[in-house]
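The values are calculated or read from the model by the stated rules, or taken from the named source; none is laboratory data. Computed from a prediction, not measured in an experiment: that's the story for all the values here. Here the Cβ positions follow ideal geometry from the backbone for every residue, glycine too, while neighbour counts run over all protein chains shown. Calculation scope for accessible area: heavy atoms of the full protein, side chains included, ligands and nucleic acids excluded. Shrake-Rupley method; radii C 1.70, N 1.55, O 1.52, S 1.80 Å.
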Amino acid sequence: MVTRQWSSRHAFVFGPFQLETSERILLRDGEEVPLTPKLFDTLLVLVESNGRILEKDELLQKVWPDTIVEEGTLTKTISMLRKILGGEEGTQAYIETLPKRGYRFVAEVREVLNAPPELSLNPYSETREALETPVEHASPQQSTAGNADSLSLPHPWQTMLSHRWAWLVVLLLIGLAITAYYLRLKQAQPPPIFKSIAVLPFKPLVADRHDESLEMGMADTLIRRLSNLQGITVRPISTVRKYSALEQDPVEAGREMSVDAVLDGNIQRSGDRIRITVRLLSVKDGQQIWADQYDQKMTDIFSIQDSISTRAAALLALKLSGTERELLTRRYTDNTEAYQAYLKGRYYTSKFTREGFKQGIEYLNQAIAIDPNYALAYEGLAYYYYSASDWLIPPKEALPKLKVAANKALQLDNTLATAHVWLAVTYYVSDRDPLAAETEYKRAIELNPTDVTLHEAYGLYLMMMERFDQAIAETRRARELEPLSPEANTVFGMSFYYDRQSDQAIEQLRFTNEIEPNYWLAYYHLGRAFMRKGQLAEAIAAFKKARLIDDRNAQVLSALGCAYAVAGDKAEAQKALDELSEQAKQVYVSPFSIAMIHFALGDKDQGFTWLEKAYEDRSQHLFWLKVDPELDPLRSDPRFTDLLKRLNLLQ
């Protein structure tokens, strides 16, 4: 292979490669890589359009402008380029495939204007010797003039003076070239100022080698780090999760989420090595602000995350405090095995299925066994017990474990905002101490005021405390932070429902259904709002939609049974009650769900019997008794008042 000196005036640099446009060659570390003309043309078009999607038709037109070429030729050309660039066949380290659309060059590219070598400053170079005109070759006239001008100076001085203007020109040209380069670089990458960003789930470099926990976990880690910065709003993992498709256009996703910038990347693990490509895109114009790639050992994943986080923060033009700089690169473990177990634990629990929770808790406990000081793993464990309580396991079993896990997480790191929220739940439900609970909610929001989850949780607490004006304001803030979050929009609708503003609740929950048609909780609360207005047919339809999404959800089945009972269809209501009883033989079913159908059927005695069982289980559902419109017919019953007193809900 021939080693070449970089001599072109115009070149593109990416990774170890130099693409010289004037000489039409590709160099790798100074060595020429053979390319056919069409391979060179294809690569040049891709590199010049770096970061932009090139539709297949556009690429064919630019590379084969006057020739009819089949799409298979383009596919083969791209495959050959990938092999030449050193990636495994099918990888997208340099060239990304957008299925059914086209291709995009994703590596970081620098465009360089280079001074030609003949302007070398080396006084002993052949170039300077070629520029000099020896005295013996000059004409007689030239010699006479030269002698007169030189004032008979020695030959070396004469030579230097005769070429001093040439040197000044050389220096001036080099100065202009350097100035032009930096001005071009500055113009190409102006310091952007963004107020919001979304970190999308990372995609696999090889399409059929998915590792969803690693792909989602990488995004989650970067989201957590960037969320510690006060100057920018970061979309949470719950919002970006749906943008994980391979063909997802990142800029379009950013527009849907109403953010200024998107961080998009690919990740692939192979043995003990990990390869990552990442890029930061402006949503306004689709321009690539920055891109980089990493090919390192798996044990270096934390340093890669440090690099990406700090680089992204710098490019977002954020001025960081000392504390923010520390939080930006904070590692909760240095053990990659524990980290991978944690990622799997959070990935499976986020599925919110019985099977997912079972796998999730196993991985979280595994992470803790590997690293007993892993604060995030304890926080994840607290989330598991919070979510599984009153659903998969009895609250009286879940809540003590929730409290231990949350306290341990905060003992290791008191700045974990969500751990304060999970601890607040135990203060309210287990200890019946609403003041201690509110202190934790406020502390959480103080630590991370842009985390939508914290505002949602505090809003729910305010609803239970009958502070509806504050609850509506808090949940509206959550929706402002995440306009398209189904969770935030649902909780906002709930605040109207409990404040007995049924029309506003219906309007808001219908909007939630529009932005996320597969979110059961929105249909569930929509059905309840319809029930309160006496629109029973609409209520039943909403509950049925919720069941189509999650047919094993006892809470939804209970609501459907209640709607049938109120509508006078006692046979269907009894059928729902029987189904719940059968479920309870296999898995945990909250006694509260069974109690509600008995009340709807007019059997108060059985209803209160099951409420007592819910009280013994320390059910979280009971803390809605004071404000739930559905329970208004029971408020005059002494048994209901007694239960409120025991729950410390009459203060």
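Structure notes:
- Selection status of Gln606, open to solvent by 10 Å² or more (accessible area, probe 1.4 Å) and either closer than 28 Å to Tyr386 by Cβ or basic (Lys, Arg) (or both): no
- Some residue of region 367-375 being more than 22 Å from Asn335 (Cβ to Cβ), in contact with a helix residue (DSSP H, G or I) (Cβ under 7 Å, 6 or more places away or on another chain) and assigned to a helix (DSSP H, G or I): no
- Positions within region 573-614 being under 16 Å from Lys396 (Cβ atoms) and over 39 Å from the mean Cα position of the chain (by Cα), in sequence order: Trp610, Leu611, Glu612, Lys613
- Boolean, Ala559 is surrounded by 21 or more Cβ atoms within 10 Å (Cβ to Cβ) and touching a His at 6+ places or on another chain (Cβ under 9 Å): no
- Only one entry in Glu48, Glu23, Glu55, Glu31 is modelled with pLDDT under 85, among the acidic types (Asp, Glu) and either under 40 Å from the mean Cα position of the chain (by Cα) or open to solvent by 70 Å² or more (accessible area, probe 1.4 Å) (or both), namely Glu31.
- For beta carbons closer than 9 Å, sequence separation of 6+ or different chains, a first residue in region 256-284 that is of a type in the set (Asp, Glu) and a second that is part of a strand (DSSP E or B) and open to solvent by 20 Å² or more (accessible area, probe 1.4 Å), the qualifying pairs are Asp272/Lys297.
- Residues in region 324-356 that are closer than 13 Å to Ala367 by Cβ and of a type in the set (Ser, Thr, Tyr): Tyr332, Thr333, Thr336, Tyr339, Tyr342, Tyr347, Tyr348, Thr349.
- Residue in region 615-628 that is surrounded by fewer than 15 Cβ atoms within 10 Å (Cβ to Cβ), over 37 Å from the mean Cα position of the chain (by Cα) and at negative phi present: yes
- Filter result (assigned to a helix (DSSP H, G or I) and open to solvent by less than 30 Å² (accessible area, probe 1.4 Å)) within region 328-338: Leu328, Thr336, Ala338
- Pair list, Cβ under 9 Å, 6 or more apart: region 94-121 residue more than 23 Å from Ser22 (Cα to Cα) and polar (S, T, N, Q), other residue at pLDDT 80 or above and assigned to a strand (DSSP E or B): Thr97/Tyr103; Thr97/Arg104
Yes or no, residue by residue, for (1) out of contact with any Pro (no Cβ under 8 Å at 6 or more places or on another chain); (2) of a type in the set (A, V, I, L, M, F, W, C); (3) free of Cβ contacts under 8 Å to residues at least 24 places away in the same chain:
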{"site": "Ala473", "(1), (2), (3)": "yes, yes, yes"}
{"site": "Ile506", "(1), (2), (3)": "yes, yes, no"}
{"site": "Ile515", "(1), (2), (3)": "no, yes, no"}
{"site": "Tyr523", "(1), (2), (3)": "yes, no, no"}
{"site": "Phe530", "(1), (2), (3)": "yes, yes, no"}
{"site": "Glu538", "(1), (2), (3)": "yes, no, yes"}
{"site": "Lys544", "(1), (2), (3)": "yes, no, yes"}
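Quick grid of which residues meet (1) more than 30 Å from Phe17 (Cα to Cα); (2) touching an Asp or Glu at 6+ places or on another chain (Cβ under 8 Å); (3) in a strand (DSSP E or B):
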{"residue": "Leu222", "(1), (2), (3)": "no, no, no"}
{"residue": "Arg225", "(1), (2), (3)": "yes, no, no"}
{"residue": "Gln230", "(1), (2), (3)": "yes, yes, no"}
{"residue": "Thr239", "(1), (2), (3)": "yes, yes, no"}
{"residue": "Gly265", "(1), (2), (3)": "no, no, yes"}
{"residue": "Leu281", "(1), (2), (3)": "no, yes, yes"}
{"residue": "Asp285", "(1), (2), (3)": "no, no, no"}
{"residue": "Thr299", "(1), (2), (3)": "no, yes, no"}
{"residue": "Ser303", "(1), (2), (3)": "no, no, no"}
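- Candidates Ala291, Ala341, filtered to the one that is modelled with pLDDT of 85 or more, surrounded by 15 or more Cβ atoms within 10 Å (Cβ to Cβ), assigned to a helix (DSSP H, G or I) and of a type outside the set (Lys, Arg): Ala341
- Subset of region 390-407 that is under 21 Å from Tyr342 (Cβ atoms) and in contact with a helix residue (DSSP H, G or I) (Cβ under 7 Å, 6 or more places away or on another chain) - its residue that is most open to solvent (accessible area, probe 1.4 Å): Lys401
- Among residues of region 531-554, those that are outside any loop (DSSP other than H, G, I, E, B), open to solvent by 30 Å² or more (accessible area, probe 1.4 Å) and under 17 Å from Glu572 (Cβ atoms), counted: 9
- Top-ranked residue of region 227-284 - restricted to ones that are in contact with a strand residue (DSSP E or B) (Cβ under 7 Å, 6 or more places away or on another chain), more than 24 Å from Thr453 (Cβ to Cβ) and among the charged types (D, E, K, R), ranked as surrounded by the most Cβ atoms within 10 Å (Cβ to Cβ): Arg279
- Pair list, Cβ under 7 Å, 6 or more apart: region 67-91 residue farther than 14 Å from Asp57 by Cβ and hydrophobic (A, V, I, L, M, F, W, C), other residue at pLDDT 80 or above and assigned to a loop (DSSP other than H, G, I, E, B): Leu85/Tyr94
- Any chance Gln574 is open to solvent by 50 Å² or more (accessible area, probe 1.4 Å) and either under 24 Å from Ile540 (Cα atoms) or not basic (Lys, Arg) (or both): yes
- The residues on offer are Phe302, Phe352, and the sole one that is open to solvent by 30 Å² or more (accessible area, probe 1.4 Å), hydrophobic (A, V, I, L, M, F, W, C) and more than 24 Å from Arg104 (Cα to Cα) is Phe352.
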